[in-house]
Structure formats: structure tokens, C-alpha cells
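Chemist: Please read through the structure below; I'll follow up with questions.
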Amino acid sequence: MTDMIDPFGRAVNYLRISVTDRCDFRCVYCMSEDMNFLPKKEVLSLEELDRLCSAFIRKGVKQLRLTGGEPLVRRNIMSFMHAMRRHLDSGALEDLTLTTNGSQLSRFAHELVDCGVKRINVSLDTLDPEKFKQVTRWGNLNKVLAGLKAATNAGLHVKINTVALKNFNDIEIDDMLKWCGDQGYDLTLIETMPMGEIAGDRNDQYLPLSQVRQDLGERWTLTEIDYRTGGPARYVRVEETDAKLGMITPMTHNFCESCNRVRLTCTGTLYMCLGQDDAADLRAPLRASESDVLLENAIDEAIGRKPKGHDFIIDRDTKTPSQSRHMSVTGG
Ligand code: SAM
Ligand code: SF4
């Protein structure tokens, strides 16, 4: 197994893969209501996804996270998950996981465990059914809560991801923290990131987590801990609940020095950095030959261009995001 080392000496061992651009929700910060989705022939087949992921695993990827769109609405995605289990069994892959909106978990939680999944991230911004409807447009809170219960019953460890939104769930963060503590879930708060055109003004949603943290610190004992995942989150322990609280602050913090990841879209485009437009097309070399030589060369070439860091900004005059692609393209 060869390690992928980028020009700045960082080992790339984490692949996030968006397996579909489609979703059964339309979260207001993520998608517009009338999204245009990709035609099927553009999207990698499950067999192609397998070839690609297997190539990355041969090259040293230890952690594979499925995302989207909503990964669990991709047809037959479980057959792909079952196929990935062979890499866990061989020891080449250490962690197979996904980020989901939770809508399909009642159906799939047990099968995910059968595939070797141990932990999942579930996105949930509010515990109020009306507000849930408002933020997801199409979602149903009860269905997600039932899915979470099924996940816990199946033995999955759950981390909740909550996007912090000004004048929306800022007053609920204490409740979320308590609820997560009660359920045994960790919680990660995410600042809104300026990605993709959506209805409304992003500056209205932006809630700096530095402010949230200061505020929470008045009521909770937050202890700095060393826990790192190589990603953007920084963690504290909430002493009262004994749960981890993560904060992802891409706009106020630089987390690039420890970046260990790359992101693949469902069309086989590899983004070496979430905050930059440079990308490599892996679908062409994948489809050009049955052997993986071209593909592996293209991966090496792409890792060789991984940039040092990023710079997210919402342009305060034009209100346009610095990144034109939607989060559902690269899956966060
Ligand atoms: N559908 C799945 C879900 O919602 O968990 C996976 C894909 S979703 C794009 C991955 C994560 O990105 C979710 O936690 C979501 O809340 C977050 N997200 C989407 N758009 C965002 C934005 N503009 N800023 C910050 N986080 C965003
Ligand atoms: Fe779908 Fe996830 Fe985007 Fe919400 S955040 S619209 S659930 S992809």
C-alpha cells in the first residue's frame, strides 16, 4: 500500500464521496427548491464507484465516508456498502461511514451494521417539528427521530451535525446539547459555508461559532480536548453530559494545515480542497480503460496539486458566495 503524500507533506488517507446529487430534502442553506439534477449517464455507476474507491484504498485511504445529496436515496447503495466490507475485512480500510439526513435510517440501520459501519453522522438542525419543516422544506422530523432510534438500537454510534443559523436555531443550541447528552450522541455545530446560489441572503444566516461558544461557556463547563480527526472540527468535552462537542468554523478559522482528505463527486470529479475550484476528472481515465493504470496515474497527479489552503468569503456587496458549487455536489 502506497501512501498518498501531498506537496505539503500531508498524508491523504480520507476520501469523502458524494454518491448522488439527489436528495429527499431541500434544506434552505444547501439547495434551492427547484434543483436541476444530473442525467444518469453523467453519474458513476455503483461498479465504477467500487473501482474508484478500491483504487483510493490501494493508495492508502483508510477512511471512506459516503455523503451526497442523500447517500441513502441512491438506488441499491447497500450493494455498494456490502461490497466495501471486503476492504474492512482485509484490514486495508479502517472506517466505513456516512453522513445522512436520517430519513431512511429506519430502513437501513441494521444493514449498515452488517456492512461494517460503526458510526454515522446525522444532520439535524432543530428538534421543533415546524422549524424542521421550514429548514428542510420537505423533511419530516418524526421520521428522522425514528431513524435515529433505529440506528441506536442497531448499535451505531451517532454524531449529530447541526448548522448554526442566526435567528433560527441559536436559541435551541442548549436544548440540542442536552438532548444529545441524554441520547448518548456527540454534537458538532457547523457554521454556514458560502457554497452555491440559494434563495435569500447568506449574511442573514451567518452565526459565528466563536459567539456561540462564548455564550454556551456561561452555562456549560466546556473543557478543551486534544481529539482531532484531521478535519475542520475542533472539540471540547461538555462535562455535564460527558459528550463531545465539535465546532466547524471554516470562515473564522484555518484548519488546512492538518487536512487529510479529498472529495469525490458522483460524476468522478475529485476536489482536492473544499474551498477551491481546482479539480481533477477521474471519470475519463476510469472509463477509458478496464485497467486501473490510467486512473491511478490521474489520482497521483491530482494529489500532487492539492493546495495548501482555502479562503471562504461571502462577498458583502454582491452577496455572492466564493464557491459557486452547491454543498450537495461535494457533500460537505
Ligand atoms: N444529505 C446528507 C446530510 O444532510 O447529512 C449528506 C450531505 S449534506 C450536503 C452534508 C452536510 O453539509 C450536512 O450536515 C449539511 O447540514 C451540511 N451543509 C449543507 N450545506 C451547507 C452550508 N451551506 N453550510 C454549512 N453546512 C452545510
Ligand atoms: Fe439534502 Fe443534506 Fe443538502 Fe439537506 S443538507 S438538502 S439533507 S443534501
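Chemist: Quick check on packing: order 32-45, 87-100, 290-303 by the mean number of other C-beta atoms within 10 Å, highest mean leading.
Modeler: 87-100, 290-303, 32-45
Chemist: For the stretch 142-189, what is the accessible area per residue in Å², given a 1.4 Å probe and the full set of protein chains? Please list the in-between numbers first.
Modeler: Values: 1970 Å² over 48 residues.
On a per-residue basis, 41 Å².
Chemist: Could you work out how far helix 173-183 tilts from the main Cα principal axis of the chain, as a 0 to 90 degree angle to the nearest 10?
Modeler: Approximately 70 degrees, to the nearest 10.
Chemist: Summarise the accessible area of the stretch 66-146 (1.4 Å probe, protein heavy atoms) by the percent that is carbon and sulfur.
Modeler: 47 percent
Chemist: Another one. With charges set only on the Cβ (+1 for Lys and Arg, -1 for Asp and Glu), what does the dipole of the chain come to about its Cα centre, in debye to the nearest 20?
Modeler: Magnitude of the dipole: close to 660 debye.
Chemist: Express the Stokes-Einstein translational diffusion coefficient of the stretch 99-228 in µm² s⁻¹, to the nearest whole number, given a Kirkwood radius over alpha-carbon pairs, 20 °C and a viscosity of 1.002 mPa s.
Modeler: 135 µm²/s
Chemist: Next up: Among the lysines, select those whose C-alpha is under 19 Å from the C-alpha of K118, and discard any that sit fewer than 8 residues away in the same chain.
Modeler: K62, K149, K159, K244
Chemist: Continuing with the same structure: Report the FRET efficiency, 1/(1 + (r/R0)^6), for D89 and A288, where r is their Cβ-Cβ distance and R0 is 51 Å, rounded to 0.05.
Modeler: 0.95
Chemist: Does a label point 7 Å from the Cα of N140, set along Cα-to-beta-carbon, have any residues of the stretch 93-107 with amide nitrogen under 20 Å, and which are they?
Modeler: The answer is 100-107, whose backbone nitrogens lie closer than 20 Å to the label point.
Chemist: Mean-square fluctuation check for the chain, GNM, Cα pairs under 10 Å: which of L216, L52, L64 is largest?
Modeler: It is L216.
Chemist: Could you work out [θ]222 nm for the chain from helices alone, using -39500 (n - 2.57) per DSSP H run of at least four and dividing by all its residues? Round to the nearest 500 deg cm²/dmol.
Modeler: It comes out at -8500 deg cm²/dmol, rounded to the nearest 500.
Chemist: Could you point to the residue in G68, P285, I171 farthest towards the positive end of the chain's charge dipole, with +1 and -1 charges on the Cβ of Lys/Arg and Asp/Glu respectively?
Modeler: The listed residue farthest towards the positive side: P285.
Chemist: Quick check: Cα centre of the stretch 129-178 to Cα centre of the stretch 42-101, how many Å?
Modeler: The stretch 129-178 and the stretch 42-101 have Cα centres spaced 25 Å from each other.
Chemist: Give the lysines reachable from K131 as a straight Cα distance under 20 Å; neighbours fewer than 8 places away on the same chain don't count.
Modeler: By straight Cα distance, K131 reaches K143, K166, K178.
Chemist: Next question. Stretched out fully, how many nm does the piece from D175 to E130 gain, at 0.36 nm a residue minus the Cα gap?
Modeler: Full-extension gain reported as 14.6 nm.
Chemist: Considering the chain as a Gaussian network with a 10 Å cut-off on Cα pairs, which listed residue, D174, D24, D215, attains the greatest mean-square fluctuation?
Modeler: Result for the chain, Cα springs under 10 Å: D215 fluctuates most.
Chemist: Please list, in chain and number order, the residues 5+ apart from L207 or on another chain whose amide H is under 5 Å from its amide H, with Hs placed from the backbone.
Modeler: Close amide H contacts, sequence-distant or interchain: K166, T192.
The values are calculated or read from the model by the stated rules, or taken from the named source; none is laboratory data. Please read these numbers as outputs of a predicted model, since none were measured by experiment. We place every Cβ from the backbone using ideal geometry, glycine too, and count neighbours over all the protein chains shown. When the accessible area is computed, the model is the full protein with side chains, heavy atoms only, and any ligands, DNA or RNA have been set aside. Shrake-Rupley method; radii C 1.70, N 1.55, O 1.52, S 1.80 Å.
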